[in-house]
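Participant: Please read through the structure below; I'll follow up with questions.
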Amino acid sequence: MVSSSNSSGSSGMRSAPIVEARTQECLEEMRNMPSDELANVIILIGRTGVGKSALLEYLTNALGHSKSSPNAVTLNFQLERVNLFSKRYYIMDTPGFDTDKEQDVFREIVRGIEAVQPHAKIVGVMLVTRINDNRAEAVDNKLVAFVDKLCGPKYAGQITAVTNFWNVSEPEEKMEFEMRLEERLHQWRAVLGQEMKQYQHGRRYNSFGEDAGECLKWRGDSDDIKAYAKAMVDRHYGGIVPRDPVIVQELFENQPLGKTAAGEFLGIPPPPQSSSGSTSASSPGQTGATTPPPPTSEPEAEEIPRPSASSDRANPSQSRPQMPPEPDRPNLVEDLIKGVFNNVLIPAAQDFLANRALGVMMGGAAGGAAGGFPSHLDPLSSHDHFVARGLPGDLGSRTQYAQARGINLEPGSPAFGDAVRSSIMRERPL
Ligand SMILES: Nc1nc2c(ncn2[C@@H]2O[C@H](COP(=O)(O)OP(=O)(O)OP(=O)(O)O)[C@@H](O)[C@H]2O)c(=O)[nH]1
Ligand SMILES: [Mg+2]
């Protein structure tokens, strides 16, 4: 186990002592947990300044992490704990994934994962971005592809795409952000998996846990924003039977970082080939950590019991079941990196804007995608039907659409979804 797990990172700089002490407390608490229990860890990943640390603060009520404090930039992994609806979570903050920092950030994430093993399950990964950021730099796409490599193909349902900076002043700006969100989620789901969840941090949520279509004030409405964020964690992670991301299995197998999917993707050089060809003598993850590989099991989603951490430790040779082979997927990650999606989706977005300018977005006269219902969307989802037609699918937009057509059902209810779906299908056949 890492003995001073927050004292030095790839940057060689130190976190604020109080934040560091709390991280140590969290690690200590995990170590002291009953051997048949595992801590629930959620990792925040994203570029610098997108609000990862601010999200951690809102989720846990902790202070001292974000740019609103003197300890502006996160340099090492940091942990805070919170009890949400009688379940304890440990939220792990990580440094910003930026150009030329990618490998260092990956190493720090690995350091964090190794530090919590074998006492924890990585129940979730949150991919945090700013919605008010219209840059589409190579590193943004690389980030999504990196998360895919880190988590593997079966983890999509445990990834939450969090967008920040929803505080808008103009309705036009809100529409633009909503359109950008749809575009982004469309791209990401194509890469990470359709089960990926979403959360708009700074928007109002209704009692069904659905985006109610209203942007809140970052400071004035902070209590509401905090409550919605906490409820989201419970919704997304409270009732699941979690699996670990693929990196946990790879570290457990003593894969050197350059041999892990994420490490290979980021260009971390593989270790020199030994004469026997074995890599098992390499230190786990080559991060300099003293942690043994994480001897936790990787149950299929249906498998609830897992060997306890202590029994795993007692018999480290008892390896966990092999991960199932990756299903065949088109080269979406490579396409994403090459920017293919940008070429496809930006014209679609422009069409959408043009339609909106003509006042036809809700009118049904024009717009919409051609060529049938996209196979990656859910034909039973009214949200996906809107998206398939190039329209914002959030609940607020669907409610607006419904009201304009005299559909007076409870927004978000199944009956509402059915009525809205039928209506849009009639109006805009694909
Ligand atoms: N207005 C507004 N401000 C936000 C929002 N989210 C975060 N912030 C603020 O923006 C800043 C974001 O900083 P951090 O949370 O430190 O960003 P980070 O992603 O942790 O950055 P690194 O540690 O450098 O990786 C903080 O001052 C937050 O208070 C948001 O949704 N709206
Ligand atoms: Mg930070």
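Participant: Non-local amide H neighbours of residue 96 (under 5 Å, H modeled in plane, Pro and chain starts lacking H): which ones?
Facilitator: Excluding prolines and chain starts, which carry no amide H, the hits are 74.
Participant: How much length would be gained if the chain were fully extended between residue 134 and residue 430, taking 0.36 nm per residue of separation minus their Cα-Cα distance, in nm to one decimal? Write down the numbers at each step before the final one.
Facilitator: Values: separation 296, 0.36 × 296 = 106.56 nm, distance 2.91 nm.
Once the chain is fully extended between residue 134 and residue 430, it gains 103.7 nm.
Participant: Residue by residue, what Karplus-based ³J(HN,Hα) values in Hz, rounded to whole numbers, does the range 84-91 have, using 6.51, -1.76 and 1.60 with θ = phi - 60° and x for Gly and Pro?
Facilitator: 10, 6, 6, 10, 8, 10, 10, 9
Participant: Return the long-range amide H neighbours of residue 120 (sequence gap of 5 or more, or a different chain), with a cut-off of under 5 Å between placed amide H atoms.
Facilitator: For residue 120, the qualifying residues are 39.
Participant: In this model, which of 101/154; 142/226; 230/259 are farther than 32 Å apart at the alpha-carbon?
Facilitator: 230/259
Participant: Another question about this same structure. State to the nearest 20 debye the size of the charge dipole of the range 139-233 about its Cα centre, where the only charges are +1 on K and R beta carbons and -1 on D and E beta carbons. Can you show the working numbers first?
Facilitator: Details: 14 positive and 16 negative charges, 108 e Å.
Dipole about the Cα centre, nearest 20: 520 debye.
Participant: What are the residues whose amide H is under 5 Å from the amide H of residue 80, where those residues sit 5 or more places off or on another chain and H is modelled from the backbone?
Facilitator: Amide H neighbours of residue 80, under 5 Å, 5+ apart: 91, 93.
Participant: Continuing with this model, one more query. For the range 253-260, what does the Karplus curve 6.51 cos²θ - 1.76 cosθ + 1.60, with θ = phi - 60°, yield as ³J(HN,Hα) per residue in whole Hz, taken in order and with x for Gly and Pro?
Facilitator: 3J(HN,Hα) across the range 253-260, in whole Hz: 7, 6, 5, x, 4, x, 9, 6.
Participant: Cα gyration tensor of the range 35-123, axes a ≥ b ≥ c as square roots of the eigenvalues: rounded (a/c below 1.5), prolate (a/b > b/c) or oblate?
Facilitator: Numbers: a/c = 2.49, a/b = 1.28, b/c = 1.94.
Oblate is the answer for the range 35-123, as a/c is 1.5 or above yet b/c matches or exceeds a/b.
A short reminder: the numbers here are calculations on the coordinates, not readings from a lab. Everything quoted here is computed from the prediction, not taken from an experiment. Because the Cβ atoms are built from the backbone with ideal geometry, glycine has one as well, and the counts that use them run over all protein chains shown.
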